[in-house]
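First comes the structure, then the notes that go with it.
The values are calculated or read from the model by the stated rules, or taken from the named source; none is laboratory data. What you see is a predicted model, and the numbers here were worked out from it, not measured in a lab. Virtual Cβ from ideal backbone geometry, glycine too; neighbours counted across all protein chains shown.
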Amino acid sequence: MERTIQVNGGEPVSKGAGRLRKRVKKALRNWELYALISPVLVFFILFEYFPMYGVQIAFKDFIATKGIWGSPWAGLKHFERFMQGFYFNRLMINTIAISLYHLALSFPLAIFLALMMNEVRHSLLRRTVQTITYAPHFISVVVLVGMMTVFLSPQTGLVNQFLGLMGVPRVDFMAEAAWFKSLYVLSGVWQNTGWSSIIFIAALAGVDPQQHESAMLDGASRWQRIWHVNIPGIMPTIIILLILECGKIMTVGFEKAFLMQNDMNIAASDVIATHVYRSGILGAQYSFAAAVGLFNAVINLVLLLTVNRISRKVTATSLW
């Protein structure tokens, strides 16, 4: 039986209603904070949550003239088609390999860059390094791939010109399947490592200076202070970002892979996103494209939950 309470001698109200009233009063006292976050909430509701009703076309044979609700149900047909397809193994291997390659290289480099910039005491040198490393992030993917095409051209590219001077045979990097993953990852590292290091630099600013002072009194060198003070100080941030990155393993950027892709390197460059574009979007097979997108999202969610659970048990640090 629900408990009731007396409010100022008036009519009794339920315990749940009293708790709700307290929450409303608390919200009204902090209305400025709720007003500040309301545009973000509206954005996510309109563009992230509301469109989720359309996910049902992954289980239907979508017909544009009949609409989403009028299209016939197809069950798991599109999921089976994708997983039993001829290119399924190649798509999964390429997608996962590129993601893990990028994670293994870019994530530690961002931490290393942040640690090194944190040790730079000359303000002008520090600002110069920050500007140089941040700037590539603002280059569009189209421009980046265009730069790669020019620099790596087998006839006029600077790289092949240098190889020719060294007596090394010219290489058509953009057409070699063996070079695709390295070019994709290394160009991404060059473009985004500086930007990714910002959050680690911010975390380093929160490390207690007294810990460094104590370590210096104990005779610790700069490298020892980095290893025993700075890295443990930003370890919670590292773990949280690593969990988030693991939740994106199945998500390889479509635009860059598509722009770098050609008939000669497609064995290494064909990822789930480009396959869906060719067979789903260009072929107007929207149900198939939605099924593959849902397949990707579910795997990413499972990875995120698994890594978060492991992290919570091992390090006591997690997203929730």
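When each of PHE50, PHE86, PHE44, PHE82 is tested for being assigned by TED's automatic domain parsing to the domain that holds ALA267, surrounded by 10 or more Cβ atoms within 10 Å (Cβ to Cβ) and of a type outside the set (Val, Ile, Thr), the lone residue that passes is PHE82. Residues that are touching a Phe, Trp or Tyr at 6+ places or on another chain (Cβ under 8 Å), within 16 Å of MET264 (Cβ to Cβ) and among the β-branched types (Val, Ile, Thr) within the stretch 139-185 comprise just one, VAL171.
Could you list, in sequence order, the residues of the stretch 273-293 that are assigned to a helix (DSSP H, G or I) and either surrounded by fewer than 18 Cβ atoms within 10 Å (Cβ to Cβ) or outside the structural domain of PHE82 (by TED's automatic domain parsing) (or both)? Break it down stepwise before answering.
First, pick out the residues of the stretch 273-293 that are assigned to a helix (DSSP H, G or I): 273-281, 286-293.
Within the stretch 273-293, TYR277, ARG278, SER279, ILE281, GLY293 qualify.
Counting just the residues of the stretch 118-144 that are farther than 15 Å from ILE198 by Cβ and small (Gly, Ala, Ser), which one comes out modelled with the highest pLDDT? It comes out as SER140.
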